[in-house]
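Peer 1: This is the structure I want to talk about, given as structure tokens.
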Amino acid sequence: MGVELGLHEQLLFMGYLNRDGDLEDCYRAGDGFVFASRTETQGLVLLEAMALGVPVVSTAVMGTREILDGGEGGLIAAADEADFAAKTVRLLSDSNLRARLGEQARTYARTWSAPILADRMLAFYWTLVSK
């Protein structure tokens, strides 16, 4: 595919990466994390990238919708190729935008940590039992 599009010099398909540092290194190596899946059920890869300060470009469908709800740390593209491409080019062309979104991404990803989510769930349960 990369050869057909003239991108073979810019693309490297890595295959499976272990979660013992290789995956994190790969996230950090990019200027952004571009995610085009329309069937992702959880969107955890977005949070993984964001936690490392990597800004994202993604559509907001299925599981990615909830992750990207705040619009922090990335650009949300419409579900069409032209908007997705334009937002990707914008992110990759603007180093100031990348830096700002990268900081937002890192901060925002912290709000999805296990302790914070557990506290939210506990607070929700308290509202149920206190009625």
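The values are calculated or read from the model by the stated rules, or taken from the named source; none is laboratory data. Note that the coordinates shown come from a computational prediction; the quantities given were computed from them, not determined experimentally. When we count neighbours, we look across all protein chains shown, and the Cβ atoms used for this are built from the backbone with ideal geometry, even at glycine.
Peer 1: Would you mind telling me which numbered condition in (1) assigned to a loop (DSSP other than H, G, I, E, B); (2) over 12 Å from the mean Cα position of the chain (by Cα) Ser37 fails?
Peer 2: The one condition Ser37 does not meet is (2).
Peer 1: Return yes or no: is Glu48 surrounded by 10 or more Cβ atoms within 10 Å (Cβ to Cβ), modelled with pLDDT of 90 or more, of a type outside the set (A, V, I, L, M, F, W, C) and in a helix (DSSP H, G or I)?
Peer 2: Working: surrounded by 10 or more Cβ atoms within 10 Å (Cβ to Cβ): yes; modelled with pLDDT of 90 or more: yes; of a type outside the set (A, V, I, L, M, F, W, C): yes; in a helix (DSSP H, G or I): yes.
Here the answer is yes, as Glu48 does meet what is asked.
Peer 1: Kindly indicate whether Leu17 is free of Cβ contacts under 8 Å to residues at least 60 places away in the same chain, part of a loop (DSSP other than H, G, I, E, B) and either touching a strand residue (DSSP E or B) at 6+ places or on another chain (Cβ under 9 Å) or farther than 27 Å from Leu117 by Cβ (or both).
Peer 2: no
Peer 1: Only one of these conditions is not met by Tyr27: (1) surrounded by fewer than 19 Cβ atoms within 10 Å (Cβ to Cβ); (2) within 9 Å of the chain's Cα centre (by Cα). Which number is it?
Peer 2: The single condition Tyr27 does not satisfy is (2).
Peer 1: On to the next question. Test of understanding: among Leu122, Leu97, which residue is in a helix (DSSP H, G or I), more than 22 Å from Asp31 (Cβ to Cβ), without any contact (Cβ under 8 Å) to a residue 60 or more places away in the chain and not hydroxyl-bearing (Ser, Thr, Tyr)? Spell out how you get there, then give the answer.
Peer 2: Details: Leu97 fails: more than 22 Å from Asp31 (Cβ to Cβ).
Only one candidate passes the filter, namely Leu122.
Peer 1: If you don't mind, there's one more thing I want to ask. How many residues does region 65-94 contain that are buried (at least 19 other Cβ atoms within 10 Å of the Cβ), assigned to a loop (DSSP other than H, G, I, E, B) and at pLDDT below 95?
Peer 2: 1
Peer 1: Kindly indicate which of Asp22, Asp80, Asp31 is in contact (Cβ under 8 Å) with a residue 60 or more places away in the chain and acidic (Asp, Glu).
Peer 2: Values: Asp22 fails: in contact (Cβ under 8 Å) with a residue 60 or more places away in the chain; Asp80 fails: in contact (Cβ under 8 Å) with a residue 60 or more places away in the chain.
The match here is Asp31.
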